[in-house]
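I have placed the structure first, in the form of structure tokens, so that the comments after it can refer back to it.
The values are calculated or read from the model by the stated rules, or taken from the named source; none is laboratory data. The shown structure was predicted, so the numbers you read here are calculated from the model rather than taken from an experiment. Note that we place each Cβ from the backbone using ideal geometry, even for glycine, and neighbour counts take in every protein chain shown. For accessibility, only protein heavy atoms count, side chains too; no ligands or nucleic acids. Shrake-Rupley method; radii C 1.70, N 1.55, O 1.52, S 1.80 Å.
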Amino acid sequence: MLHQLAPARTGKSGRPRTKGARLGTPTDLAATATWRTTKVRRYARTDTVDITDTVCLWYGSFHSQTVRVVLVRDNKPRTGDRDERGYGLPLVTTDLTSTAEDLVARYAARWCIEVAFSDARQILGVGQARNRTCIAVHRTVPFGLICLSLVTLWYAAAGHAPADVAERRERSRWYTTKTEPSFEDMTIKLRRVIIAARFRPQAPHQASPEQTHAVLLAWAAAET
């Protein structure tokens, strides 16, 4: 729940007020706010959006620390769904000096970092190790993030092929707009390269049916 800043001290005896009048939720702010149209740079494009900026207190989370609530809504929504809240993106920050446009751009720039953390957790299992000692805890997560970087660098330098995305769309028909490989695609490609190198014979002769079957099973398992 949002509140106005605490009123000035009255000089009367008793405990001074720590918060002002109730402002409500971001939806309440959006209904009464004064919106302005501006341009913001986000996700490698410049968009026209409506922004409103309110200095207030989020007393339940930050107590008496002053915060800013920035609400953003697209001037021309990209989807057919209308946001009944009256806004699209709510941002809460303790930065009282930067412009609202800079805050929106900063939030958008961080999205790729959040995606990297999600990939590290969901695909590489970063953070799932049950370590006991302090040193192990401090080392395991950074090592997992280093592995994420190494896989990405390997794919960019040696693993990328233009047909990778087309092959992925062929196997997963719901990816109709997919144009770039994801980190999961990179890990699948690396697993397959490692498997192929592992089963490739040293001498140039025909692989046995058992070896071929093992490779096919391993390739299928690389996607899971």
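Annotation: of all residues in the range 131-155 being under 21 Å from the mean Cα position of the chain (by Cα) and either open to solvent by 90 Å² or more (accessible area, probe 1.4 Å) or small (Gly, Ala, Ser) (or both), the one that is farthest from Thr187 (Cα to Cα) is Phe143.
In the set (1) at pLDDT 90 or above; (2) open to solvent by less than 70 Å² (accessible area, probe 1.4 Å), Pro77 fails one condition alone, (1).
Limited to the range 1-49, what total is found for residues that are in contact (Cβ under 8 Å) with a residue 12 or more places away in the chain and hydroxyl-bearing (Ser, Thr, Tyr)? Total satisfying the criteria: 8.
Can you find even one residue in the range 99-114 that is open to solvent by less than 60 Å² (accessible area, probe 1.4 Å) and either within 20 Å of Met186 (Cα to Cα) or in contact with a helix residue (DSSP H, G or I) (Cβ under 9 Å, 6 or more places away or on another chain) (or both)?
Initial filter on the range 99-114 (open to solvent by less than 60 Å² (accessible area, probe 1.4 Å)): 100-101, 103-105, 108.
Filter once more, so that each one left must be either within 20 Å of Met186 (Cα to Cα) or in contact with a helix residue (DSSP H, G or I) (Cβ under 9 Å, 6 or more places away or on another chain) (or both): none.
For the range 99-114, residues open to solvent by less than 60 Å² (accessible area, probe 1.4 Å) and either within 20 Å of Met186 (Cα to Cα) or in contact with a helix residue (DSSP H, G or I) (Cβ under 9 Å, 6 or more places away or on another chain) (or both): absent.
For the range 157-174, does any single residue satisfy the condition of being of a type in the set (Gly, Ala, Ser), out of contact with any helix residue (DSSP H, G or I) (no Cβ under 6 Å at 6 or more places or on another chain), open to solvent by 70 Å² or more (accessible area, probe 1.4 Å) and at pLDDT 75 or above? Checked the range 157-174: at least one residue is of a type in the set (Gly, Ala, Ser), out of contact with any helix residue (DSSP H, G or I) (no Cβ under 6 Å at 6 or more places or on another chain), open to solvent by 70 Å² or more (accessible area, probe 1.4 Å) and at pLDDT 75 or above.
For the range 98-117, enumerate the residues that are within 21 Å of Leu153 (Cα to Cα), among the charged types (D, E, K, R) and assigned to a helix (DSSP H, G or I). Give the steps one after another, and end with the answer.
Let us first name the residues in the range 98-117 that are within 21 Å of Leu153 (Cα to Cα), namely 109-117.
Then keep just the ones that are among the charged types (D, E, K, R); that gives 110, 114.
Within the range 98-117, Glu114 is the sole residue that qualifies.
Of all residue pairs spaced 6 or more apart or on separate chains, those with beta-carbon atoms under 6 Å, a first member in the range 102-122 that is more than 25 Å from Val70 (Cα to Cα) and a second member that is open to solvent by less than 70 Å² (accessible area, probe 1.4 Å) and in a helix (DSSP H, G or I) are Asp119/Phe183; Ala120/Gly144; Ala120/Leu145; Ala120/Leu148.
Is one or more of the residues making up the range 135-155 in contact with a Lys or Arg (Cβ under 8 Å, 6 or more places away or on another chain) and either assigned to a helix (DSSP H, G or I) or in contact (Cβ under 8 Å) with a residue 24 or more places away in the chain (or both)?
Pass one, the range 135-155, residues in contact with a Lys or Arg (Cβ under 8 Å, 6 or more places away or on another chain): 155.
Among the residues that remain, those that are also either assigned to a helix (DSSP H, G or I) or in contact (Cβ under 8 Å) with a residue 24 or more places away in the chain (or both) are: 155.
Checked against the condition, which is being in contact with a Lys or Arg (Cβ under 8 Å, 6 or more places away or on another chain) and either assigned to a helix (DSSP H, G or I) or in contact (Cβ under 8 Å) with a residue 24 or more places away in the chain (or both), the range 135-155 yields at least one hit.
Just so you know, in the range 3-58 the residues that are among the aromatic types (Phe, Trp, Tyr) and either in a loop (DSSP other than H, G, I, E, B) or surrounded by fewer than 17 Cβ atoms within 10 Å (Cβ to Cβ) (or both) include one that is nearest to the chain's Cα centre (by Cα), and it is Tyr43.
Take the conditions (1) within 24 Å of Glu114 (Cα to Cα); (2) out of contact with any helix residue (DSSP H, G or I) (no Cβ under 8 Å at 6 or more places or on another chain); (3) modelled with pLDDT of 75 or more; (4) not small (Gly, Ala, Ser); Leu145 misses just one of them, which is (2). The number of residues in the range 160-180 being part of a helix (DSSP H, G or I), over 15 Å from Arg191 (Cβ atoms) and within 24 Å of the chain's Cα centre (by Cα) comes to 2.
If a residue has to be more than 17 Å from Val55 (Cβ to Cβ) and not hydroxyl-bearing (Ser, Thr, Tyr) to count, how many in the range 1-16 make the cut?
Quick first cut of the range 1-16, residues more than 17 Å from Val55 (Cβ to Cβ) only: 9-16.
Okay, now just the ones that are also not hydroxyl-bearing (Ser, Thr, Tyr), so 9, 11-12, 14-16.
Number of matching residues: 6.
Of everything listed in (1) outside any helix (DSSP H, G or I); (2) at pLDDT 80 or above; (3) open to solvent by less than 70 Å² (accessible area, probe 1.4 Å), the single unmet condition for Ala203 is (2). Of the residues making up the range 120-130, not a single one is open to solvent by 60 Å² or more (accessible area, probe 1.4 Å) and under 30 Å from Trp35 (Cα atoms).
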